[in-house]
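A short write-up of the structure that comes next.
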Amino acid sequence: MAQDLKFTLRKANPTDAPKIWEILQQAIEKRRIDGSLQWQNGYPNPETIENDIAKGAGFVLENGEETVAYSALIFNDEPAYSSIDGKWLSDGNFLVIHRVAVSEDFRGKGVIKEMFRLFEDYAVKNEVFSIKVDTNFDNNPMLAILEKLHYTYCGKVYVSGGERMAFEKILTK
């Protein structure tokens, strides 16, 4: 379980890109095997990773020296979130979580729960007390995680031409 692992979150750099792409390809394949439509249209791709890293938004989760997960964390910049079929819990600053992917070697070990805890710490350290995230309606593992971690369903948003379920969590200092 996660308590036996030592996780750290850090900004990704260009040398991380091959490992990140490997992890994302595993996640893309897992989504396909699970019958999900999410990530089955050429997105995300290596250029997505390059752009995340160039913007300072790409983050890797490490266990010791080993990269075990990837995500993009973006402050206040998700144009699709300005129009929601529903209502966000807050209107202030927020952290967006995109492209969460865990190495197949670390699935089922509490990595996502720990990763989200570190995301929340990162937001609070930057004095941002709202996290917003979206996922596909058929991404059952992510939907279960969001429920378990007390994210509130707020409505639907349209990202990359597709309808997504949108969630928000308000954090405390």
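Residues Phe116, Phe75, Phe59 in ascending order of nearby Cβ atoms (within 10 Å, fewest first): Phe75, Phe116, Phe59. Once the Cβ-Cβ distance of Glu22 and Ser82 is raised to the sixth power relative to R0 = 41 Å, the FRET efficiency obtained is 0.75. Listed by chain and number, the lysines whose alpha-carbon sits under 18 Å from that of Lys109, ignoring those within fewer than 8 places in the same chain, are Lys6, Lys30, Lys148.
Mind checking which of Ala17, Ala80, Ala123 has the largest fluctuation in a GNM of the chain, springs on alpha carbons under 10 Å? Comparing Ala17, Ala80, Ala123 in a Gaussian network model of the chain, the most mobile one is Ala80. Relative to the compact-globule estimate of 2.2 N^0.38 Å, the Cα radius of gyration of region 127-173 comes out at 1.17. Exposure proxy for His98, His150: other Cβ atoms within 10 Å of each Cβ, ordered fewest to most, give His150, His98. Computed from backbone phi, the HN-Hα couplings of region 53-61 come to 5, 4, 7, x, 9, x, 10, 10, 9 Hz, rounded to whole numbers (Karplus: 6.51 cos²θ - 1.76 cosθ + 1.60, θ = phi - 60°; Gly and Pro given as x).
So, counting K/R as plus one and D/E as minus one, what does the shell of residues with Cβ under 12 Å around Gly155 add up to?
Within the 12 Å Cβ shell, the charges total 0.
Considering only Leu24, Leu37, Leu95, the mean-square fluctuation computed in a Gaussian network model of the chain, springs between alpha carbons under 10 angstrom, is largest for Leu37. Computed over the chain, the range of Cα coordinates on each principal axis works out to 40, 37, 32 Å, biggest value leading.
No lab work stands behind these numbers, since they all come straight from the coordinates. Only a predicted model underlies this, so the values are computations on that prediction, with no experimental measurement involved. We place every Cβ from the backbone using ideal geometry, glycine too, and count neighbours over all the protein chains shown.
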